[in-house]
Amino acid sequence: MKTYNFVACFLLAFSFVACEKSTDEQLEETVIETDIAVDYTVFLKANDNINAAVVSTGQDNLVVGEEVASFGLIPANALKFKSSSSLGYYYTANCAASLQWYNAEEQLSKTIQVFTDDNACDINVTAVAYDEIDMFIAYERDLLGKDKHFVVRRGSLNNPENYAEITLNNKPVDVIVSSNKLFVLTLNEFVSNEYHLTIIDLNSNDVLITLDLGYDALRLFKNNSDQIIVSYPELHTTIDPITLDKTYTTYGEDTAPGFITTNDFFMDGNGKFYFQKNMQGANITEVPATYDFEKNSTVVYLYENFLSDAELNVKFNIANTTAIAYDDKNNYILVGYEKSGSGDIGGILRITPSPDFEFVDNIDFSGIPQTIFID
């Protein structure tokens, strides 16, 4: 066992890392047969193109099926929006702005041209969200001889030229929709450097209230009850979208889940959050992890603890964690990963969750997984 794994096991109270490492006898892959057939929709990135394919659970292995969506060329600096059932990217090319999105429940994808009335190069979009009807694009722009202008544009997904603009007092950082309200995380970057939460009634587009959040409120999420999670480095605040009541959850020393920086995430029906955790000092710095909001506990899945050295560094050649999901029908965690070396090559591992931490099987792709939906 590596020294790092030993030390990690002394994370006390509400966070722990599995310390049972694969032995040399486990070099041979053990396939655990799937009892229930499930399809996974996997978005893969190759040469800046993002396409989605169905992966089916066969009798003994995973099988790549038909392509179900194509996003085409997505620049590396595109803004990604992920919800429990949809994925979207906002980007500009030649000063024209586009939003591409995919609804996993309806298996529907669409490309929308936005800011057709303006020059997209004059606008700095900072956050994007959408629901079943509307898209919400938060942006800032410089006005000649005036302070910066902060705005949320609300437009129809079916008719983007039909839009309304809502003016904000501070720079928008993140946006999320819940209970017919838009929650906008903003930063007063010129005066106090404090964060605020502006809550907008989507029936009228009026600002209902602005809540003071203090410092380091860096990201918004939703839990499985559609409550708003305001994430800080050392704590998170849960806000009821109806009553706006707040509950504060603090973490123990060295036990912060660290889901602020995750690029992909998945929320299961029991309120467990699956994400990528940055582990400085580990062999692979971005590793799969889960956080239980009800128990305030984190489980970190270091690859060394369920793969042998040969599997990790030769057979799968894992460089980073890029996507994560949970198959509740078979109780498997799906871990998307990028392979080391040149080229957009990756794969997916299936593992059993804590307390088993067992490798099940894998599949390789000519592409790097970005998001996984369970069909």
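Per atom type, the chain shows carbon and sulfur on 45% of its accessible surface, probed at 1.4 Å. Test of understanding: in a Gaussian network model of the chain with alpha carbons linked when under 10 Å, which of S70, S308, S192 would top the mean-square fluctuation ranking? Evaluated over the chain, the most mobile residue of the options is S192. Counted by Cβ distance under 11 Å from D122, the other residues give a net charge of -2, where Lys and Arg count +1 and Asp and Glu count -1. Dipole orientation for the range 233-369: of the candidates G271, I368, P233, I368 has the Cα lying most toward the positive pole (charges on Cβ; Lys, Arg +1; Asp, Glu -1). Listed options for Rg and Dmax of the Cα atoms in Å are (1) 21.3, 71; (2) 23.2, 76; (3) 21.3, 66. The value calculated from this structure is the one marked (1).
The helix-based estimate of mean residue ellipticity at 222 nm for the chain, built from -39,500 (n - 2.57) per DSSP H run of four or more residues and divided by its residue count, is -500 deg cm²/dmol to the nearest 500. Charge dipole (Cα centre; +1 on Lys/Arg Cβ, -1 on Asp/Glu Cβ; no other charges) of the chain amounts to roughly 900 debye. Ranking S83, V300, I176 by how far each Cα lies toward the positive end of the dipole of the chain (charges on Cβ) leaves I176 at the top. Distant-in-sequence amide contacts of L168, defined by a placed amide H-H separation under 5 Å and a gap of 5 or more residues or a different chain, comprise F150, V151, V152. Annotation: amide H of V173 within the under-5 Å range of L185, T186, L187, sequence separation 5 or more or interchain, hydrogens built in the peptide plane. Among H149, H196, H236, the sequence by solvent-accessible area, most first, with a 1.4 Å probe is H149, H196, H236. Once Lys and Arg get +1 and Asp and Glu get -1 on their Cβ, which of N320, V63, A138 lies farthest toward the positive end of the dipole of the chain? Ranked along the dipole, the leading option is A138.
The values are calculated or read from the model by the stated rules, or taken from the named source; none is laboratory data. What you see is a predicted model; the values in this text were computed from it and never measured. Virtual Cβ from ideal backbone geometry, glycine too; neighbours counted across all protein chains shown. Only protein heavy atoms, including side chains, enter the accessible area calculation; ligands, DNA and RNA are left aside. Shrake-Rupley method; radii C 1.70, N 1.55, O 1.52, S 1.80 Å.
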